[in-house]
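Q: Before we start, here is the structure in question, set down as structure tokens.
Only the coordinates and a few stated rules stand behind these numbers; no lab work does. These numbers were taken from a predicted model, which means no experiment stands behind them. All Cβ positions, glycine included, derive from the backbone under ideal geometry; neighbour counts span all protein chains shown.
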Amino acid sequence: MTTTDVNTNLKTQEYLINMGPQHPAAHGVLRLILTVDGEIIHKVDPDLGYIHRSIEKMCERDTYKQIVHLTDRLDYLSSHINNEAVCLAVENALGIEVPDRVKYIRTIMAELTRLASHQLWWGVMGMDIGALTAFMYAFRDREMINDIMEETVGARLTMNYNIPGGLMFDIHPGFQKKVKDFIKHFRKALPEYNTLLSDNIIFKKRLQGIGYISKEDAIAYGVSGPSARGSGISCDVRKIHPYSAYDKVEFNEILIEGGDSYDRYMVRMKEMEESMNIIDQLIDNIPEGDFQVKTPALIKLPKGEYYQKVETARGELGVFIISDGKKSPYRFKFRSPGFSNLSILDKISRGHKIADLVAIMSSLDFVIPDIDR
Amino acid sequence: MNAIINYFSEVLNGGISLLKGMGITGKHFVRSPKEIITQQYPENKDTLVFGERFRAQLFMEHNDENQIRCDACQTCETVCPNGSIEVVWHREADPETGKKKKVLDKYVYHLSMCTFCNLCVLACPTEAIKMNQEFETAVYDRSELTKVLNKPGSKFSQDFVDKSLEK
């Protein structure tokens, strides 16, 4: 055979490989069935269900006060914000207005949670790309937030601090000082983050032009949160439908028009600064007052349908309750940001290499229990 | 020609950004030992400090006379989302008034089912149960995770409840 014969007669063949459910670069038990030709991805087929705990069904069994603690286990990195979503939905349905103090504390806590979540994401993003150092720096700073949470809330990850009608406890006397110390420390640490990763040429090359989401696609697939804002779509629930104390603070919605992985990365980096600005505005002005409103021991919502959405660290979390007037809901539905964000993965990773898929997944910031529920 | 220049300038920039990053790690490498935040667990176990609200596992407070505040009202059993609390009780006539009252036999706590949501502690009308800071809950056998929280022979005391609620 001559060389020309070899080139024309040899065909490449597509083959299937499984990435996950136990893959070191996937952040949870997500199985991706990849159709690849060599190293080029032709199709990504996510297979879910490895961490399905039927939380929605369990919600139909529990009372409204018990439901809150289950939401810790959806997107465990924004557990406080998930709690808040359920509490707001129940409070709105009952027509309860919580005191300003509760609103302020909830907002501060939500922003601290967002910071902690983004720090973890940043560390893991570095690790996925191959820079292990980032992980250590991120966890150093995240530990400070965990300590604050441990002191005031009593838990580090599954917080369950909100209850319908307010908060479980008042803030710890040392809370404000600790938060201020953290903000002071983190304002110095964030430039370090940028020097280590954001400005690194190798890191940039791995992300720029990878996993492009156009504006139209993002809307069509229902992408939300920082991933959509990286494509220039204004979708921040905090800004559009303010809840808690977000109508009392001034902050910018970070919008970057590019749409590739690096733009999504930069949105989150800038969001961390905005979160610190929000906390700065609130921390000294927490009004005096009660930390909870008395609610009946067994909450029964009036018949009807209720919806509440909040902005978690990953995007828009919706809580939909259908009540038939009994002590537990007739139907409880979560619109989780992770599930919608996952749906676009196939579209944006076609034509890229397997190593790029890891970067794309990281830039979309998946938390698998949030996708599966 | 331009392509070659671009290529080499990129390599140079890559090297510079790498050095910048290494500068940061280098700075942390040579800083004073006082700033080191790594903890030597478990060597430092005795000096570990936890917040007083830290939720590790449920316990029942006993005073010196082996008295408890739990009157077996079963509120905690009702509010627990996971069925991790079982209150075993019987009715007994009160020696003074002659009225029949609930008396606690066993307060069974299934640590394996507990999600540490704190609802039971909040619901308890007599503050009988609390969360402690013993976070090392690993055991060799699953059966060890089912615990009886009240000590043998412990009795309910109204005085103990009143004292605690005054605070």
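Q: Give the residues of the stretch B:129-149 that are over 25 Å from A:ASN162 (Cβ atoms), surrounded by 14 or more Cβ atoms within 10 Å (Cβ to Cβ) and touching a residue at least 40 places away in the same chain (Cβ under 8 Å), sorted by residue number.
A: B:VAL148, B:LEU149
Q: Follow-up. For the stretch A:304-373, which fully contained strands (runs of 3 or more DSSP E) count at least 2 residues that are of a type in the set (S, T, N, Q) and under 22 Å from A:ARG229 (Cβ atoms)?
A: A:304-312
Q: Can you tell me which residue is nearest to the other protein chains (Cβ to nearest Cβ) among those in the stretch B:36-67 that are surrounded by 13 or more Cβ atoms within 10 Å (Cβ to Cβ) and touching a Lys or Arg at 6+ places or on another chain (Cβ under 7 Å)?
A: B:PHE59
Q: Scan the stretch B:150-167 residue by residue and report those that are outside any helix (DSSP H, G or I), touching a residue at least 12 places away in the same chain (Cβ under 8 Å) and over 16 Å from B:GLU65 (Cα atoms).
A: none
Q: So which residues in the stretch B:29-56 are hydrophobic (A, V, I, L, M, F, W, C) and under 25 Å from B:ASN118 (Cα atoms), if there are any at all? Can you show your working first?
A: The initial filter retains those residues of the stretch B:29-56 that are hydrophobic (A, V, I, L, M, F, W, C), namely B:29-30, B:36-37, B:48-50, B:54, B:56.
Of everything in the stretch B:29-56, those that are hydrophobic (A, V, I, L, M, F, W, C) and under 25 Å from B:ASN118 (Cα atoms) turn out to be B:LEU48, B:VAL49, B:PHE50, B:PHE54, B:ALA56.
Q: To continue, here is another question. Could you list, in sequence order, the residues of the stretch B:96-139 that are away from every other protein chain (no Cβ under 13 Å) and of a type in the set (Val, Ile, Thr)?
A: Within the stretch B:96-139, B:THR97, B:VAL103, B:VAL108, B:THR126, B:ILE129, B:THR137, B:VAL139 meet the criteria.
Q: Let me ask another. List the pairs whose first member sits in the stretch A:346-357 and is acidic (Asp, Glu), whose second member is buried (at least 17 other Cβ atoms within 10 Å of the Cβ) and not in a strand (DSSP E or B), and whose Cβ atoms are under 8 Å apart, counting only residues at least 6 apart or on separate chains?
A: Close Cβ pairs (under 8 Å, with a partner that is buried (at least 17 other Cβ atoms within 10 Å of the Cβ) and not in a strand (DSSP E or B)) amount to A:ASP356/A:ARG206; A:ASP356/A:ILE210; A:ASP356/A:GLY211; A:ASP356/A:SER349.
Yes/no matrix, rows are residues, columns are (1) in a loop (DSSP other than H, G, I, E, B); (2) within 11 Å of another protein chain (Cβ to nearest Cβ):
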position: A:ASP147; (1), (2): no, yes
position: A:GLU150; (1), (2): no, yes
position: A:GLY154; (1), (2): yes, yes
position: A:LEU157; (1), (2): yes, yes
position: A:HIS172; (1), (2): yes, yes
position: A:LYS177; (1), (2): no, no
position: A:LYS180; (1), (2): no, no
position: A:ILE183; (1), (2): no, no
position: A:PHE186; (1), (2): no, no
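Q: Moving on. Quick one: would you say A:ARG106 is farther than 30 Å from A:LYS353 by Cα, away from chain B (no Cβ under 13 Å) and charged (D, E, K, R)?
A: yes
Q: Being without any contact (Cβ under 8 Å) to a residue 24 or more places away in the chain and outside any strand (DSSP E or B) is the requirement here; does A:GLU274 meet it? Walk me through how you get there before you give the answer.
A: Working: without any contact (Cβ under 8 Å) to a residue 24 or more places away in the chain: yes; outside any strand (DSSP E or B): yes.
Against the criterion (without any contact (Cβ under 8 Å) to a residue 24 or more places away in the chain and outside any strand (DSSP E or B)), A:GLU274 qualifies.
Q: So, one more: Filter the stretch A:152-208 down to residues that are touching a residue at least 60 places away in the same chain (Cβ under 8 Å) and hydroxyl-bearing (Ser, Thr, Tyr) and give me whichever is surrounded by the most Cβ atoms within 10 Å (Cβ to Cβ).
A: Among residues in the stretch A:152-208 that are touching a residue at least 60 places away in the same chain (Cβ under 8 Å) and hydroxyl-bearing (Ser, Thr, Tyr), the one surrounded by the most Cβ atoms within 10 Å (Cβ to Cβ) is A:TYR161.
Q: Scan the stretch A:291-327 for residues that are among the polar types (S, T, N, Q) and in contact with a Ser or Thr (Cβ under 6 Å, 6 or more places away or on another chain) and jot them down.
A: Once the filter is applied, which keeps residues that are among the polar types (S, T, N, Q) and in contact with a Ser or Thr (Cβ under 6 Å, 6 or more places away or on another chain), the stretch A:291-327 yields only A:THR312.
Q: Here's another thing I want to ask about it. Give the residue, chosen from A:TYR262, A:TYR243, that is among the hydroxyl-bearing types (Ser, Thr, Tyr), assigned to a helix (DSSP H, G or I) and buried (at least 20 other Cβ atoms within 10 Å of the Cβ).
A: After applying the criteria, what remains is A:TYR262.
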